[in-house]
Amino acid sequence: MKLMRILPFARSLIDLAVKEGDIVVDATVGNGHDTLYLAERVGPSGHVFGFDIQAQAIENTTKRLREHHMESRVTLVQASHAELYVHIPSEYKGRITGAMFNLGYLPGGDKQIVTRPNSTIAAIEQLLDIMAPEGVIVLVIYHGHPEGAIERDALLQYVSAIDQQRAHVIRYEFMNQVNYPPFIVAIEKR
């Protein structure tokens, strides 16, 4: 297949925006796969701020980072991504070049605990305020469950209304796959 699948495409967008030494955000650390990827991407002189509301996600991510000796590159915060503004020190505001979201629920966790549109939109708004110009936010939207469909609809309405002078917004998806395949919305701050 020549077309990139969803997760590799998400990372390719981050690769365009993030280089060694940068400051980035993993807004939904989950099991730590993206957190580890981001820690590798920013190198020893960069830093990742990772957020999740679930203790299990923080534990899983901490374990993964330790296994790869990357824990010094990451600050994990057990809090909603809607609170990222208060948890990211002021010296990093204006320097954030990338942010990743994997929306839905924690794989292997409680499927009743899901991301919600209000907190996700609040996090995006905060990121647009504190990111560097040309910083990229990548949202992987899993919408095959009832709450996911609600979040999808609210997010699409929100991002479609972002002023084009503030940011560029794209959507990437496979349109002919069954079972509600995830898709990407990417936002580049202008």
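List the relative contact order of segment 47-190 as a percent without decimals, with contacts defined as Cα pairs under 8 Å and 6+ residues apart. Don't skip to the answer; put the middle values down first.
Working: 214 pairs, mean separation 31.4, N = 144.
The value is 22 percent.
What net charge is computed for the residues neighbouring residue 43, neighbours being all others with C-beta under 14 Å from the C-beta of residue 43, Lys and Arg scored +1, Asp and Glu -1? Before the final figure, lay out each step's value.
Working: positive: 19, 41, 73; negative: 15, 20, 22, 40.
Overall, the nearby charge balance is -1.
Can you classify segment 35-133 as rounded, prolate or oblate using the Cα gyration tensor, where a ≥ b ≥ c are the square roots of its eigenvalues, rounded means a/c under 1.5, and otherwise it's prolate if a/b beats b/c and oblate if not?
Working: a/c = 2.01, a/b = 1.05, b/c = 1.91.
Oblate, because a/c is 1.5 or more while a/b does not exceed b/c.
Provide 14, 150 ordered by accessible surface of protein heavy atoms (probe 1.4 Å), highest first.
Numbers: 14 0, 150 90 Å².
These residues rank, largest area first, as 150, 14.
Where only protein heavy atoms count, and the probe is 1.4 Å, what is the accessible area per residue for the chain in Å²?
Numbers: 9590 Å² over 190 residues.
Dividing the accessible area of the chain by its residue count gives 50 Å².
Picking from 114, 8, 32, whose Cα lies most toward the positive end of the charge dipole for the chain (charges on Cβ: Lys, Arg +1; Asp, Glu -1)?
After comparing all options, I get 8.
For segment 152-166, take each phi angle, set θ = phi - 60°, evaluate the Karplus expression 6.51 cos²θ - 1.76 cosθ + 1.60, and give the result in whole Hz per residue in order, putting x for glycine and proline.
Going residue by residue, I get 3, 4, 5, 5, 5, 5, 5, 5, 5, 9, 5, 4, 5, 7, 8 Hz, with x marking Gly and Pro.
Hey, how many Å between the Cα centroid of segment 101-138 and the Cα centroid of segment 170-190?
Cα centroid of segment 101-138 versus Cα centroid of segment 170-190: 15 Å apart.
By the scheme Lys and Arg +1, Asp and Glu -1, what is the net charge of all other residues having a beta-carbon under 10 Å from that of residue 143? The partial results should precede the final answer.
Working: positive: 152; negative: 147, 151, 153.
Local charge sum for residue 143: -2.
What is the pair-distance distribution P(r) of the chain, computed from all Cα-Cα distances in 10 Å bins starting at 0, with each bin given as a whole percent?
In order of increasing distance, the bins hold 9, 39, 39, 12, 0 percent.
Just check segment 114-185 against the gyration tensor rule for me: Cα atoms, a ≥ b ≥ c as the square roots of the eigenvalues, rounded for a/c under 1.5, and otherwise prolate or oblate depending on whether a/b exceeds b/c. List each step's numbers first, then the result.
Numbers: a/c = 2.26, a/b = 1.57, b/c = 1.44.
Prolate, since a/c reaches 1.5 and a/b exceeds b/c.
Does segment 1-62 come out rounded, prolate or oblate by the C-alpha gyration tensor, with a ≥ b ≥ c the root eigenvalues, rounded set by a/c under 1.5 and, if not, prolate when a/b is larger than b/c and oblate if not? Could the numbers behind the result be given before it?
Values: a/c = 2.51, a/b = 1.25, b/c = 2.01.
In terms of gyration-tensor shape, oblate.
Please report how far the C-alpha centroid of segment 52-100 lies from that of segment 19-51, rounded to the nearest whole angstrom.
7 Å
The values are calculated or read from the model by the stated rules, or taken from the named source; none is laboratory data. The structure displayed is predicted, hence computed values, not measured ones. Cβ atoms come from the backbone with ideal geometry, glycine included; neighbour counts cover every protein chain shown. Accessible surface is based on the protein model in full, side chains and every heavy atom, while ligands, DNA and RNA are left aside. Shrake-Rupley method; radii C 1.70, N 1.55, O 1.52, S 1.80 Å.
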